1. Note down all Cβ pairs under 6 Å where the first residue falls in the stretch 84-106 and is over 16 Å from residue 119 (Cβ atoms), the second is crowded, with 17+ Cβ neighbours inside 10 Å and hydroxyl-bearing (Ser, Thr, Tyr), and they're at least six residues apart or on different chains.
2. Being within 16 Å of residue 120 (Cβ to Cβ) and either buried (at least 24 other Cβ atoms within 10 Å of the Cβ) or not small (Gly, Ala, Ser) (or both) is the filter here; which residues of the stretch 57-82 pass it?
3. What residue, among those in the stretch 37-56 that are more than 13 Å from the chain's Cα centre (by Cα) and not in a loop (DSSP other than H, G, I, E, B), is surrounded by the most Cβ atoms within 10 Å (Cβ to Cβ)?
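The values are calculated or read from the model by the stated rules, or taken from the named source; none is laboratory data. Because the structure is a prediction, the values reported are computed rather than measured. Because the Cβ atoms are built from the backbone with ideal geometry, glycine has one as well, and the counts that use them run over all protein chains shown.
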Amino acid sequence: MFKKNGDSQPQARIDCLIGAGARIEGVVRFTGGLRIDGEVKGSVEAADGASSSTLVLSESARVEGSVNVAHLVSNGTIVGPVVAVESLEMQAKARIVGDVEYAAIELHQGAVIEGRLVHRGGKSPELNDATRT
């Protein structure tokens, strides 16, 4: 998944679980893999910019706050800005309400993003005078 020479791969192991029915308020910082089946009201971020961090959101998961991780695999709902430094996979029931920055993206049919998509890692083409309106 999203593997190119030199790129880091998503964390295959889940080190921590926020179970269904659990509700966390505040900042959640993690290393390795985190799966959320419950709700988080606050930001979710990889500690120390961990390049191998993976966040997995199940269909029942809901995050109200910013998300900043290397790899994100979502089938749940995020209300807030998202930064997926390496890769973003949105499964069929995934929904993001907020701007998204990503390096690689995979959208399954049914996934919804209500916000701007900004590609990271590539330089935007400059507009020349002929293309400006």
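1. Qualifying pairs under 6 Å: 94/74; 95/77.
2. Within the stretch 57-82, 67, 68, 69, 71, 72, 81, 82 meet the criteria.
3. Step by step, filter the stretch 37-56, then rank; the result is 40.
Let's see how each residue does on (1) among the hydroxyl-bearing types (Ser, Thr, Tyr); (2) assigned to a loop (DSSP other than H, G, I, E, B); (3) at pLDDT 95 or above:
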position	(1), (2), (3)
78	no, no, yes
93	no, yes, yes
104	no, no, yes
123	no, yes, no
